[in-house]
Amino acid sequence: MLNAFRHASRSTGVLRVARRAAPVNAPRITPFVRTVVTKRYTEDHEAVVYDDATNVGVVSITDYAQSSLGDVVFVELPVVGSEYAPISGKVEEVNEELNSQPGLLNKSPEDAGWLCKIKVSDASEIDNLMTEDAYAKHCES
């Protein structure tokens, strides 16, 4: 079959191969969105990582708090949709992994051991929390 195709294309000139134009690599234009992620601390040894683009704060305990608690064997998480401090807002998500692995609070309290994600209702409250330097001084006293 392939031979017949080759022969027909050579003899009749009817079959022609159209060449495609090479693709043009045009630069992509993407909108630039600047987000600011702020990490602040409470006097109760909670950390809040706030993303101003999503208006969500991720709440965790600090390493200082987990070392003071000792081995964590049980975690009671807030209910999704409830109001929660240290900042005002509604709980959007809780870290369900803590139910089966409460030790994550000891291993990685400010990363894998996060407690909940809050949709912040008043972003100015973030500024009222302590910076890392202020929190370090607070822990020394």
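FYI, it's all coordinate maths here, none of it is from the lab. Just so you know, these numbers come straight off a predicted model, no measurement behind them. Glycine also receives a Cβ, built like all others from the backbone with ideal geometry; neighbour counts cover every protein chain displayed.
Key figures
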item	result
Taking the stretch 33-122 and dividing mean pair separation by its residue count, relative contact order in percent (alpha carbons under 8 Å, at least six apart)	30
Total formal charge among the other residues, if their Cβ is under 13 angstrom from that of SER108, Lys/Arg +1 and Asp/Glu -1	-3
Alpha-carbon Rg with Dmax, taken over the stretch 58-137, Å	13.1, 35
Candidate aspartates and glutamates - alpha carbon under 17 Å from LYS137, same-chain residues fewer than 8 apart omitted	GLU43, ASP44, GLU46, ASP63
Which of CYS139, CYS116 has the fewest Cβ neighbours within 10 Å, and the rest in rising order	CYS139, CYS116
